[in-house]
Amino acid sequence: MRAIDYVAPTSLSEAVSVLSANGDRARPLAGGTDIIVQLRGGRRELDVLVDAKTIPELNQIEMTDSGLRLGAAVPCYEIYQNQQVAAAYPGLIDAAGLIGSIQIQGRASIGGNLCNAAPSGDSIPPVITLGGEAHINGPNGWRAVAAENFCTGPGRSVLEPGEILVGIQIPAPVANSGTAYLRFIPRNEMDIAVAGVSSSVVLDASGQTIQSARIALASVGPTPILATAAGDSLAGKAASDDAIAEAGRLASEAATPITDMRGTIRQRHHLVDVLTRRTLNIAIRRARGEE
Amino acid sequence: MTTPNQVLSEVEYDVIGKRPVRPDGVDKVTGRAQYGVDLELTGLLHARVLRSPHAHARIKAIDTSKAEALAGVRAIVTAADLPFAALSREDLGNDYNRFKFLSDNFLASDKALYRGHAIAAVAADNAHIAESALALIDVDYEVLEPVVDVRAAMQDGSPLLHDDLIHTSAMGEISDKPSNVASYMKFEKGETAAGFANSDVIVEREFTTASVHQGYIEPHNATAHWRADGQINVWCSTQGAFVVRANTADVLRVDVSDVRVTPMEIGGGFGGKVSFYLEPVAALLSRKAGAPVKVLMSRTEVFEGSGPAPGSWMRVKMGANSAGKITAAEIELAFEAGAYPGSPVMQGATCAFACYELENGTVSGYDVLVNKPKTAAYRAPGSPQAAFGVEQVVDELCQKLGVDPVEFRLNNAVTEGSRKVEGPVFQKIGLVECLEAARNHEHYRTPLEGPNRGRGIASGFWMNRGFHSSVNMTVNPDGTVNLIEGSVDIGGSRASIAQQAAETLGISYEDIKPQVVDTDSIGYTMVTGGSRTTFATGWAAILAAEDVKGQMVERAASIWDVPSEDVEYDSGVVRHKSQELSFTFKELARQLYTTGGGITGTASLDPTGEGNSFGVHLVDVEVDPETGKTEILRYTAIQDAGKAVHPSYVEGQIQGGAVQGIGWALNEEYYFSDNGQMMNSSFLDYRMPTSLDLPMIDTVIVEVANPGHPYGVRGVGEVPIVPPLAAVANAVGHATDQRLTNLPITPGSVLEARL
């Protein structure tokens, strides 16, 4: 491991100027639970780490009428210990509470999870199904990217050299809506998802009919996947086992997994089906206020 | 739901059987214990090892010139620096293969035989420079096709690891054809074919198990200083300092007295730190650099470059009659030796049917070379694999006969006088008592209810070892005793040995001060392994204590000016048999220096009489039918300890063995790419169980005193890893109505069997 520079900017503009000056030789450092492991393991080489934990905008967590503004460097534990956030976004808490381990959750952030752009990033599917938007600042100013478009390949994202993810904007939950995330791992902690699924639904006032749904998948393709056909198939349907089974089948079809040490193609297609059905059932119960 | 841990005890002692605080506890919980990585020496250099990226390759040339030119690099070594390089076949004669294999596993000479095989090492001013220098070493490899599966390696036309070196030795015959099969052995008892002919049911199945790692938390490390006067000092993490001394001297062709090995605290071994990899390399670097050198392994190096337990293939056939008696049994085992001969297939074969009274039996085994690291010992080496097959076949026999699996095992259990297939006759053993404890246990008597659930039971055997141990005990004037031993303390042996010394001396446990010392400072002591330490080193402590007692009696007699025959030692008091004269241990200790000098008791022994160990495990599981994931609901492990010297550490051993076995059963495996690259060489993807994956492991300690030890002690460390693989497999089999014969039984494999 080579010596590298560490910069702790106190403003967003300072961070952007350091990142811009160093191009792809610089990366922001939030919790460091991925990037430090990558640097130590020789899987990434950098000249500069830019600490995101010293930039105010990246460390704020704010609930407004328009929803949640989540600073990119806010660690998971601050998210699930925030009562307002936990009550409004249980699907996000599902993910924040199972990333890595308790110790990892003390450092790891959802913004970092997005920027690391691993296909298995646990918090990305719920951010997608919740309609999250990535707010990016860079040498050319601000831009926003829908969460489902943020990752472009394993370890790759839309971030250009010099750009930094400042925060994630998640809309306020609408009435009768619910979201859930489940992943499958062979152990009960400290593992990478073999497959992960987040489902969100909006029910009508009676709680019997699904008005709209979004389903997003992890670990079954080069990026997290928004399974549009699976979600759309539920719109206007009764919240029935048949409709849920059809959505599971369509979600499974949307997966493009590989066989590796963590699982096989067949196993992953099957798990997407199982997890889609399970998360839809949880999301529906949450939408009805049953849990 | 769980019941407390139980001790079914036969004999009560004053100190033995109690649960005192361990002497090394404070240092360990306060972070002060000195491990190898903590060692600092003046002028210390830091080294790293270059390892083969290929599973099988010929090494055509190694160019270290660019690395040598890097500032801060102090020494580079390759196999050319080992004495083997300068010795010819004529020099070595019949010792050629043995010595070549020993040398080559430290630094490969002509071929890299597994990914992770050490090729060169660099010592530098710091580890970062050493790492940078590794990247500057050019190795010209001719990449060869690897073979990483035991059955493939046995086929004609398989790539050969050792070209023309290995010829199968079978039953005293040596074939003339090069092969990956290093040896073949076979034992028979009775008439196996006739026994099968007399059976009413026969079950025959094939099984496979994957390579698994011991998974000790502390990576291998070594520091060596080859001094100008020729003395080589070594500090390392090892289960046996004397083994490191002997093999380091051997491979470096120096005398054993030229090597002094200091065992540092050890962060786990489980058999895997009987083998060693770094010490001679560090010594060679030190000689070249003229300074002490420390070398560390990363976790990936530990997985790729240190011994896993062998993957295996087995065929098991057993027959029983309608009365529930086994009529014949047969097992054929093929174990992966890794890159060099020496898998524990013999132990697997001799443990396979050890729980069963067999009139007719055949066991045979193959030791097979594959392009993986040379296998190392792992807790009851060979026995868990064999039990995985045998105990599932027994379970299936019970299903077919419609008999209770505990009753069937009791009906066929070995007892004192039973003869094993390969010959030995059992002394007093406790299998029946363990099975009865299982039958009587609340766990077994409580029916398991609910869908997708299954209960598994399996028994297991390990022979245990005796071997050499030495202890010196010096009496201090304050009445405490320094207990000097050579057994590295992995599982609480300082405490269990001190307890035996205190019991024998009749003094308090807190007055014994145990210390593990280097190879120059204690008599010959074999490894902490083979479940031998509490048995054999404990016995050495008993004998050394007896020596102290005899000298205390002599001293008191001399002070009182009476014949020593009139003086006795009783429960920590030296007293005259008829007169009102006595000294407590402390009173006499205070006077030693002024009445003739200090007292030191010593003992070195190589005891036989190690009692065999048996265990019986019960497990309840629930399998998610949609994901194939197995949840362990409840686990009870029953084991004969002979006499549990420190019950908490016996329970710890039983629980640890059960947990490692559960990991082996459910998730752990070396996952290889097609070209022999291990893909999961991290604790993230090599999935050992965490605390969240397990219920409390309940234990029952059964005490059937071993007549071969003064306090009835049997080794306890190894047998608890034997039953879990099969117990879990049986439970999953019952939960899913599918018999799963290949390890690990991952969610994916359970699912695949259903889809």
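Side notes on the structure shown:
- Candidates in region A:190-214 are the residues that are over 18 Å from the mean Cα position of the chain (by Cα) and either within 12 Å of another protein chain (Cβ to nearest Cβ) or β-branched (Val, Ile, Thr) (or both); of these, the one that is farthest from A:Asn116 (Cα to Cα) is A:Thr209.
- Whichever residue in region A:169-185 is within 14 Å of another protein chain (Cβ to nearest Cβ) and open to solvent by less than 40 Å² (accessible area, probe 1.4 Å) and, among such residues, is nearest to A:Leu58 (Cα to Cα): A:Arg183
- Which listed residue, of A:Leu29, A:Leu92, is at pLDDT 95 or above and assigned by TED's automatic domain parsing to the domain that holds A:Ala134: A:Leu92
- Pairing each residue of region B:608-631 that is in contact (Cβ under 8 Å) with a residue 12 or more places away in the chain and away from chain A (no Cβ under 13 Å) with any residue that is crowded, with 24+ Cβ neighbours inside 10 Å and among the hydroxyl-bearing types (Ser, Thr, Tyr), provided the two are 6+ apart or on different chains, yields C-beta distances under 6 Å for B:Val616/B:Ser459; B:Leu618/B:Thr636; B:Val619/B:Tyr635; B:Val621/B:Thr630.
- Residue count, region B:447-475 (criterion: closer than 30 Å to B:Leu605 by Cβ and open to solvent by 10 Å² or more (accessible area, probe 1.4 Å)): 6
- Members of region B:387-414 that are in contact (Cβ under 8 Å) with a residue 40 or more places away in the chain and of a type outside the set (A, V, I, L, M, F, W, C): B:Gly389, B:Glu391, B:Gln392, B:Asp395, B:Glu396, B:Lys400, B:Pro405, B:Glu407, B:Arg409, B:Asn411, B:Asn412
- Qualifying residue in region A:277-287 (condition: facing another protein chain (nearest Cβ under 10 Å) and open to solvent by 10 Å² or more (accessible area, probe 1.4 Å)): yes
- Criterion (open to solvent by less than 40 Å² (accessible area, probe 1.4 Å), under 21 Å from the mean Cα position of the chain (by Cα) and not small (Gly, Ala, Ser)) met by exactly one of A:Leu217, A:Leu234: A:Leu217
- Of all residues making up region B:740-755, the number that are within 33 Å of the chain's Cα centre (by Cα), open to solvent by 10 Å² or more (accessible area, probe 1.4 Å) and either free of Cβ contacts under 8 Å to residues at least 12 places away in the same chain or more than 10 Å from chain A (Cβ to nearest Cβ) (or both): 4
- Filter result (open to solvent by 40 Å² or more (accessible area, probe 1.4 Å) and either out of contact with any helix residue (DSSP H, G or I) (no Cβ under 6 Å at 6 or more places or on another chain) or within 14 Å of chain B (Cβ to nearest Cβ) (or both)) within region A:28-46: A:Thr33, A:Asp34, A:Ile36, A:Val37, A:Arg40, A:Gly41, A:Gly42, A:Arg43, A:Glu45
- Criterion (among the aliphatic types (A, V, I, L, M), open to solvent by less than 30 Å² (accessible area, probe 1.4 Å) and either more than 14 Å from chain A (Cβ to nearest Cβ) or in a loop (DSSP other than H, G, I, E, B) (or both)) met by exactly one of B:Ala182, B:Ala133: B:Ala182
- Across region B:671-727, the qualifying residues are those that are facing another protein chain (nearest Cβ under 10 Å) and touching a strand residue (DSSP E or B) at 6+ places or on another chain (Cβ under 8 Å), and the one among them that is most open to solvent (accessible area, probe 1.4 Å) is B:Met679.
- Residue list for region B:292-308, filter: touching a helix residue (DSSP H, G or I) at 6+ places or on another chain (Cβ under 9 Å) and of a type in the set (A, V, I, L, M): B:Val293, B:Val295, B:Leu296, B:Met297
- Set side by side, the residues B:Val432, B:Val475, B:Val368, B:Val406 differ, and just one is more than 30 Å from the chain's Cα centre (by Cα) and on the phi < 0 side of the Ramachandran plot, which is B:Val475.
- All conditions in (1) among the polar types (S, T, N, Q); (2) in contact with a strand residue (DSSP E or B) (Cβ under 8 Å, 6 or more places away or on another chain); (3) not in a helix (DSSP H, G or I) hold for B:Thr248, with the sole exception of (3).
- Residue selected from region A:148-172 under the condition outside any strand (DSSP E or B) and of a type in the set (D, E, K, R), by the criterion farthest from A:Ser20 (Cα to Cα): A:Glu148
- Qualifying position, being in contact with a strand residue (DSSP E or B) (Cβ under 6 Å, 6 or more places away or on another chain), surrounded by 23 or more Cβ atoms within 10 Å (Cβ to Cβ) and not in a helix (DSSP H, G or I), among A:Ala73, A:Ala95: A:Ala73
- Region A:195-214, subset in contact with a Leu (Cβ under 6 Å, 6 or more places away or on another chain) and among the β-branched types (Val, Ile, Thr), residue surrounded by the most Cβ atoms within 10 Å (Cβ to Cβ): A:Val197
Here's the yes/no breakdown for (1) in a loop (DSSP other than H, G, I, E, B); (2) open to solvent by 10 Å² or more (accessible area, probe 1.4 Å):
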site	(1), (2)
B:Glu359	yes, yes
B:Val363	no, no
B:Tyr366	no, yes
B:Asn371	yes, no
B:Gly417	yes, yes
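- The set of residues in region B:236-259 that are hydrophobic (A, V, I, L, M, F, W, C) and either more than 25 Å from B:Asp489 (Cα to Cα) or open to solvent by 10 Å² or more (accessible area, probe 1.4 Å) (or both) comprises B:Phe242, B:Val243, B:Ala246, B:Val251, B:Leu252, B:Val254, B:Val256.
- Checked across region A:250-272, the condition of being more than 14 Å from chain B (Cβ to nearest Cβ) and free of Cβ contacts under 8 Å to residues at least 24 places away in the same chain holds for at least one residue.
The values are calculated or read from the model by the stated rules, or taken from the named source; none is laboratory data. The model shown is predicted, which means the values in this text are computed figures rather than measured ones. Ideal geometry is used to build each Cβ from the backbone, glycine not excepted, and the neighbour counts take in all protein chains shown. Ligands, DNA and RNA are stripped out before the accessible areas are found, and what is left, the full protein with its side chains, is counted by its heavy atoms. Shrake-Rupley method; radii C 1.70, N 1.55, O 1.52, S 1.80 Å.
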